[in-house]
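Below is one structure; the comments refer to it alone.
The values are calculated or read from the model by the stated rules, or taken from the named source; none is laboratory data. Worth saying up front: this structure is predicted, and the values here are computed from it rather than measured. Backbone-built Cβ (ideal geometry, glycine too); neighbour counts: all protein chains shown. Surface areas here come from the heavy atoms of the whole protein model, side chains and all, with no ligands, DNA or RNA. Shrake-Rupley method; radii C 1.70, N 1.55, O 1.52, S 1.80 Å.
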Amino acid sequence: MVQRVAVIGAGVGGLVSVKCCLDEGLEPICFESSEDIGGVWRYTDSTDDSRVSVYHSIITNTSKEMSSFSDFPYPEDFPSYLPHSLVLEYLRMYARHFNLLRHIHFQTTVLSVRKRPDFTTSGQWEVVTETDGVQEFHIFDAVMVCTGHYQEPYLPLASFPGTESRFKGQHLHSREYRDVQAFRGKRVLVVGIGNTGGDLSVELSRVAAKVFLSTRSNTWVMSRVSDHGFPCDMVGTTRFNHFLDWLLPSALTRRIRFRKFNSWFNHTNYGLASSKSSKFKMIINEELPFCLLSGTVVLKPKVKEFTENSAVFEDGTTEENIDVVLFATGYNFSFPFLEESVRSTIDDNRSLYKCIFPPQLEKPTLAIIGLIQLTGSIMVGSEMQARWVAGVFAGWNKLPPSSRMMGDVLKRKPPVKRNPSERENLKMSFISYMDEIAACAGVKPSVLRLLLTDPQLALAIFFGPCSPYQFRLVGRGKWSGARSAILTQWQRTLKPLRTRVVDDNSDSSSGWCWMCLLALPAALTVGFLFSK
């Protein structure tokens, strides 16, 4: 039986893994190479450290209610979208509340994780760590790898001829970016239009002489602010919308979605996306459309090559006097401490059963936490993974035989290995993945059962945001505060905005109640269908 669990990394994934192991009566020991918790959310001005950190101006893309841990809501006075300092403060509050710090060994690097000679029967691992130059040997019953996927910058210079051989300006990866000061008055080319590329283009446009944004992808731009000023993920990420996506033909749902995007601004006019394309990505950025409209950011196609001081694009156009090229091309993940026989089997998260377990192992005592890309919060997804894994290690949850896990992986795995920018297009549905793992862990809520026992809560779950608290209503780890957290999430969203109150006789909540009552038959039908 698993008792001692090695947890590698004290970022988001590491903290939730330690907490979930404690919940299941296990003995977690967490190894963190730096001097503090937080992972990428612990900002540092230095770029010399090998540790990846967020840039100074970053604001979360997911709202606090949709990215909180399932039994620990954010403080109600925190804004809906958070700077890195408040995310880190929240992680510190979480660690203090659940007394996690005493289980973490700081400034301790994991050098190797290898199977013990009797692994086929014991499932145990030999772990070698180093602290202040002193190495130590450990034996663990199980290992949870929580180093995330923001590890090694992906810099595909071979795809951009001339970058190193001819271009005389500066080129760097977004990992090295901290703030705008070094770019003041310069002509900057940003390569890549993910969330980072969009954010940095907008920020640089305030101080740079000119910013060019190069992309090869069809990209739809969303705002964090949705209907009636509420966070977009609280409005859009609902079980009702998820049901419609399942019910309606994909071509129709895609058309509805594109029409919604274009109701803000016509993406084709801006050169961003065509509704005829089947391949696309979505980013969150309220300011990018205005920057394009005002000319402070100029959109360009893929770079063909670089000359001494210019960039030549695939459409034949050239931009002269480029001072800096900033590659926002994503990251590769790596697990250099894992033995080669295990490491070589992990191409991406689709090489793992449920994006967590290497299926080839004789004993399922190794889990990768947080190596996921979802349409919602990775923090929430990582916590759900950790809950299930801790249950497996404790013997409460069972995995299928290795052959079945291998079959599931082969069915889902893409035929070719994709680079990080292409993996962005492989984001999984937040609700689908959460429900899948929650069902494995025995904590998925039943809408039909709730309709019969607690209609108010059932309607809030089905038509309201699919917030993390839903997964604390039933099963192991059930939280007595989950119902209240769900029914008060809108109030917590509005609380930080109540700094100046104005009179308004309209009652917005009554309209929502009438809508729920009218939709009750539909909810009953859906609950019945999904319970089968």
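When Rg is the radius of gyration of the Cα atoms in region 1-145 and Rh is its Kirkwood radius, what does Rg/Rh come to?
That ratio is 1.01, to two decimals.
Give me the percent of Cα-Cα pairs in the chain that sit more than 38 Å apart, rounded to a whole number.
31
Can you give the % of DSSP beta bridges in region 154-329 that are antiparallel, to the nearest 5?
For region 154-329, the DSSP antiparallel bridge percentage is about 20.
Put +1 on the Cβ of each Lys and Arg and -1 on the Cβ of each Asp and Glu in the chain; which of TYR270, GLN373, LEU244 then has its Cα farthest toward the positive end of the dipole?
The residue sitting most towards the positive pole is LEU244.
At 222 nm, what value in deg cm²/dmol follows for the chain if DSSP H runs of at least 4 each add -39500 (n - 2.57) and the sum is divided by all its residues, to the nearest 500?
-9500 deg cm²/dmol
Could you work out Rg/(2.2 N^0.38 Å) for region 229-292, with Rg from alpha carbons only?
Compared with the compact-globule rule of thumb, region 229-292 sits at 1.22.
Assuming 1.002 mPa s and 20 °C, estimate D for region 263-406 with Stokes-Einstein, Rh taken as the Kirkwood radius over Cα pairs, in µm²/s.
It comes out at roughly 108 µm²/s.
Would you check region 250-361 for Lys pairs whose C-alpha atoms are within less than 29 Å, ignoring same-chain pairs closer than 8 in sequence, and give me the count?
Pairs that pass both the separation and distance tests number 16.
Could you please state, rounded to a whole Å, how far the C-alpha centre of region 221-300 is from the C-alpha centre of region 71-145?
One Cα centre to the other: 37 Å.
Pull up the DSSP beta bridges for the chain and report the antiparallel fraction as a percent, rounded to 5.
40
With bins 10 Å wide starting at 0, give me the P(r) of region 154-329 over every alpha carbon pair, in whole percents.
Going from the shortest bin to the longest, the percentages are 9, 35, 32, 16, 7, 1.
Taking a probe of 1.4 Å, how large is the accessible area per residue of the chain, in Å²?
Per-residue value: 46 Å².
If you look at just the Cα atoms of region 98-223, how large are its Rg and its Dmax in Å?
For region 98-223, the Cα-based Rg and Dmax read 22.3, 64 Å.
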